[in-house]
Amino acid sequence: MIFSAHPPPLLAQDGQHPGQRDDAEAGEGVEDGKWEPLEPKASKYDWIQLDSGEWLKGEIRLIQNDTVYFDSDKLDDLDFDWEDITELLTGKEHTFRFDGRRIVTGAARMRGDTIRIRSGDEIQEFERSEFVSMIRGSGRELDYWSLRVGLGLSGQAGNTEQLSLNTQLKLARETALTIGSLDYTGNVATQRNELSANNHRAVGRFNVYLTRRLYLIVPSIEAFQDEFQNIELRVTPAAGFGYNIIDRKKSRWQAGLALGYQGTKFLSVEEGDDFDSDLAVQLNTDIDIDLPKRFEWDTTYQLQLVATDIGKTNQHLSSTFSFDLWGPVDLDTTFQWDWVNEPTADAAGNVPKQNDFRISVGFSLDL
């Protein structure tokens, strides 16, 4: 990245570089050609101007939640408040989302309250107040994907022999109007060479945004297995709505409500059928907070209220404190809590406990 008062002249189509203009030009129309966006691939760099007047050269990876994520080979990843960006110039095509579910792909240029995008042979103009988000690229599939992998391992030897493994995976595909995600968490532990924990949870969701904050969940599917809760497999497909309650740079909070079906296959039961099917109301919320000193706090809570049998009501909480060690590597401390209102006894009459608590420490990698 380069800090400068003005970017180089090669970025300008009117003979001036973006920092050189008089105030009168800012209000002129597209047809005057005074500050059109670049032709696609005219430059391999993107430029942003801060409210301090400085220009930064690099690559805009994403603009979301009023945050501009900027990449530099020399200074690594940076992020800025969207309100602190006074001008913007992209050297390649990006995909922009505006109010009213409008999607435009092209090279863009912004001055003040106006955003102009060169899309094909035409230049479209939008008000800055209409802007919602931007993702890198023009529809290349790889641009939509992100992956986070976490691994925690702890062991103890001597008077007590114990080994535990915690695995987390977060896979997401995000376009301008949709977010698809798959989250997996697995916990396996042994004590004196005997299994003492074995549970796995996978949650897949597909959200379609109807407005800037309101989205449709179509669908959400959870699969859960826990040998020590006497659950061979519990599957809950659901559909509903969600809303971004807080959508800011350092704090994000969203909540969802969905109606679904819960099918549970038990490992064994004292009597009767080992499979139950019920109607469930699913409540979920996600809170992400960026804390000072390179810390983050992410919390997910889900309550499945089983309407046809309240005793099968269950909840799951996962809360992670992350410390940014270096680049894409974080040190994570995760607390998990699973609860079942009335656990089902196995064939021997053993009733699992209502609560399961787990704490794990490990590393995660963002890709």
Item to check | Pairs, first under 30 Å from residue 298 (Cβ atoms) and touching a residue at least 60 places away in the same chain (Cβ under 8 Å) in region 260-284, second not charged (D, E, K, R) and not in a strand (DSSP E or B), C-beta under 7 Å, six or more apart | outcome: none
Item to check | Given (1) outside any strand (DSSP E or B); (2) modelled with pLDDT of 60 or more, number of the condition residue 21 does not satisfy | outcome: (2)
Next on the checklist: Regarding region 194-215, can at least one residue be identified that is at positive phi and in the same structural domain as residue 360 (by TED's automatic domain parsing)?
Outcome noted: no
Item to check | Filter pass, residue 242 being small (Gly, Ala, Ser) and more than 19 Å from residue 341 (Cβ to Cβ) | outcome: yes
Checklist outcome for this item: Within region 207-265, the residues that are over 18 Å from the mean Cα position of the chain (by Cα) and among the β-branched types (Val, Ile, Thr) are 231, 235, 236, 264
Checklist outcome for this item: Of (1) touching a residue at least 40 places away in the same chain (Cβ under 8 Å); (2) more than 18 Å from residue 337 (Cβ to Cβ); (3) not aromatic (Phe, Trp, Tyr), residue 187 satisfies every one except (2)
Checklist entry - Quick one: how many residues across region 294-337 are more than 21 Å from residue 69 (Cα to Cα) and buried (at least 19 other Cβ atoms within 10 Å of the Cβ)? => result 12
Checklist entry - Just a yes or no: is a residue in region 278-295 within 15 Å of residue 226 (Cβ to Cβ), polar (S, T, N, Q) and in a strand (DSSP E or B)? => result no
Checklist entry - Would a scan of region 197-206 turn up a residue that is of a type in the set (Gly, Ala, Ser), surrounded by fewer than 15 Cβ atoms within 10 Å (Cβ to Cβ) and within 30 Å of residue 162 (Cβ to Cβ)? => result no
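The values are calculated or read from the model by the stated rules, or taken from the named source; none is laboratory data. Bear in mind the structure is a predicted one, so any value in this text is a computation, not a measurement. Positions of Cβ are backbone-derived with ideal geometry, glycine not excepted, and every protein chain shown enters the neighbour counts.
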